[in-house]
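The values are calculated or read from the model by the stated rules, or taken from the named source; none is laboratory data. Quick caveat, the model's predicted, so the values are computed rather than measured. All Cβ positions, glycine included, derive from the backbone under ideal geometry; neighbour counts span all protein chains shown. Please note that ligands, DNA and RNA were not included when accessible areas were found on the heavy atoms of the full protein model with its side chains. Shrake-Rupley method; radii C 1.70, N 1.55, O 1.52, S 1.80 Å.
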Amino acid sequence: MVRSLSIVGLGPAGAGAAAAASRLGVKPVIYEAMEKPGLKPCGRGLPIVDGGLPVSIPRDSILRRIRGARMYVDGEFLFEMKGFLDGYIVDKTVMLEAIAVEAGGEIHYRAKYKPGSSTVRLPGGGEARVEQGVFAGGHPYYGGAKIAAVQWIMKTGPRSDPVGDMLEIHFDTELLGYAYIFPKEEGFIEVGIGGFATPRELRERLESFIHARSDLRELERVKLEGARIAIGGLDLGVVDGLVKAGEAAGFVLPLTGEGIRPSLISGYEAASALIEGGSPLEKLRSLPIARAVSMQKRILDLVAGMRVEERRILLKSLTPRAHAEIALGMFRKHVLLKELARSPRALSLLGLVTRLI
């Protein structure tokens with residue numbers, strides 16, 4: 001019987017793996033390279049969708065409740081979504097540590113994994129063997145395509161909050177990406193951009209986006225952040241015998257960059273399969289969230305091959321519910337095909353992808 005499970009990385013996948021181990025009566029032993037978890041910037045959104053999560057979200061990690069989104073295409077307002085787009089902005093550090101502690105995890109911070117050695121260098125100078133478990137080392141161990149994202153944390157006042165409890169998404173069809181304004185904790189917002197460009201080019205586009213907004217350009221800038229995001233689809237496998245999960249395995253939705261929910265699920269299911277004696281790779285491959293990643297990757301590839309004007313037509317012709325269905329990776333056939341039937345131009349442009357749903 002497995003008595004303990006090694007987990008490399010305390011990101012969402014590592015936290016999910018710890019929760020699964022605890023529920024199955026196995027002690028999770030977690031090795032995190034940083035001094036605390038969840039330090040990767042960007043991606044603090046956690047949508048509420050059918051099927052939910054395999055773990056409970058600690059209440060004290062919830063910064064804001066999200067109740068909808070405003071969508072723009074190349075500077076033109078498209079629509080506002082309310083009533084079927086819901087979720088949270090979370091403090092990842094608080095959330096991940098709370099999940100790991102609740103799971104009874106033995107947590108080692110500043111523990112550096114040594115590739116190719118099956119060992120972790122501990123902060124006190126010793127080493128630990130990690131030969132069976134879950135590898136949640138993030139995007140450095142991902143073999144697929146990545147894009148960059150940069151963002152400013154900005155301070156708002158009681159009369160200068162541009163978004164409130166909404167998300168703002170500004171699609172840029174030339175960039176094949178989007179700028180965004182997301183609420184953070186009370187009094188702060190995240191203003192960023194991600195897409196197929198260099199970090200320098202993205203920074204320039206971000207500055208232009210902020211300068212063009214009278215409600216943004218006078219706000220106090222607190223911190224500039226940047227990150228790499230895996231958008232190339234699944235990259236299942238092992239690292240020195242440890243099963244990859246989370247962003248290392250490509251569990252990020254390629255069209256939106258959403259990673260917390262897919263990674264939590266993948267870590268939980270990988271650990272469950274390992275402990276119960278199943279095939280973790282087969283289990284991960286069969287997950288609905290894995291299908292969502294693959295479907296979004298097909299759509300991203302299709303859109304990347306379109307002319308800019310075709311991308312614009314597609315984004316403008318999709319109904320709000322179709323946008324949400326695709327963005328959240330739900331791909332419920334009866335919902336999506338009904339919405340696409342209302343958008344004949346979108347149906348035509350999506351072509352083969354609609355037949356794969």
**Prompt:** In Å², what does the accessible area per residue of the chain work out to with a 1.4 Å probe?
**Reply:** 44
**Rg in Å to one decimal, and Dmax rounded to a whole Å, for segment 47-202 via C-alpha atoms** = 19.5, 57
**Complete:** Over 21 Å (Cα to Cα) among Lys155/Lys223; Lys36/Lys155; Lys36/Lys92 -> Lys36/Lys155
**Fill in**
If each part is reduced to its alpha-carbon centroid, segment 264-298 and segment 15-31 end up apart, in Å, by 16
**Request:** Please report, in Å, the Rg and the Dmax of segment 295-355, where both are computed over Cα atoms only.
**Result:** 10.5, 29
**Request:** Could you state the angle between the C-alpha long axis of helix 12-23 and the longest principal axis of the C-alpha atoms of the chain, as a value from 0 to 90 degrees rounded to the nearest 10?
**Result:** 50
**Fill in**
Computed for segment 19-156: size of charge dipole around the Cα centre, +1 on C-beta of each Lys and Arg, -1 on C-beta of each Asp and Glu, debye to nearest 20, value 240
**Asked** If you count the DSSP beta bridges with both ends in the chain, what percent of them are antiparallel, to the nearest 5?
**Response** 70
**Asked** By how many degrees, between 0 and 90 and to the nearest 10, does the Cα long axis of helix 199-211 differ from the longest principal axis of the chain?
**Response** 50
**Cα-based reach from Lys244 at 16 Å (exclusive), listing lysines while leaving out same-chain residues under 8 positions away** = Lys114, Lys283
**Message:** Once the cut-off is 21 Å, how many percent of the Cα-Cα pairs in segment 115-200 end up in the long-distance tail?
**Reply:** 56
**Prompt:** When only DSSP loop residues count, what trypsin sites (Lys or Arg not before Pro) in segment 253-323 have their Cβ near at most 11 other Cβ atoms within 10 Å?
**Reply:** Arg307
**Message:** Given the DSSP H assignment, sum -39500 (n - 2.57) over each helix run of at least 4 residues in the chain and divide by its residue total; what's the result at 222 nm in deg cm²/dmol, nearest 500?
**Reply:** -9500 deg cm²/dmol
**Fill in**
Sparse-neighbourhood loop hits (GluC sites (Glu not before Pro), segment 95-203; DSSP loop; Cβ within 10 Å at most 10 others) -> Glu131, Glu186
**Complete:** Within segment 36-140, DSSP-loop chymotrypsin sites (Phe, Trp or Tyr not before Pro) with at most 12 other C-beta atoms within 10 Å are none
**Request:** Please give the direction-averaged projected area of the C-alpha convex hull for the chain, in square nanometres with one decimal.
**Result:** 17.7
**Request:** Of the DSSP beta bridges with both residues in segment 11-107, give the percent that are antiparallel, rounding to the nearest 5.
**Result:** 85
**Request:** Evaluate the charge dipole of the chain about its Cα centre and quote only its size in Debye, nearest 20, assuming +1 on the Cβ of each Lys and Arg and -1 on the Cβ of each Asp and Glu.
**Result:** 500
**Asked** Relative contact order of segment 282-357: what whole-number percent is it, with Cα pairs under 8 angstrom and at least 6 residues apart?
**Response** 35
**Message:** Can you say what percent of the DSSP beta bridges in segment 101-190, counting only those with both residues inside, are antiparallel? Round to 5.
**Reply:** 100
**Dipole axis of segment 3-150 (+1 Lys, Arg; -1 Asp, Glu on Cβ), positive-most option in Pro140, Ile7, Ser56** = Ile7
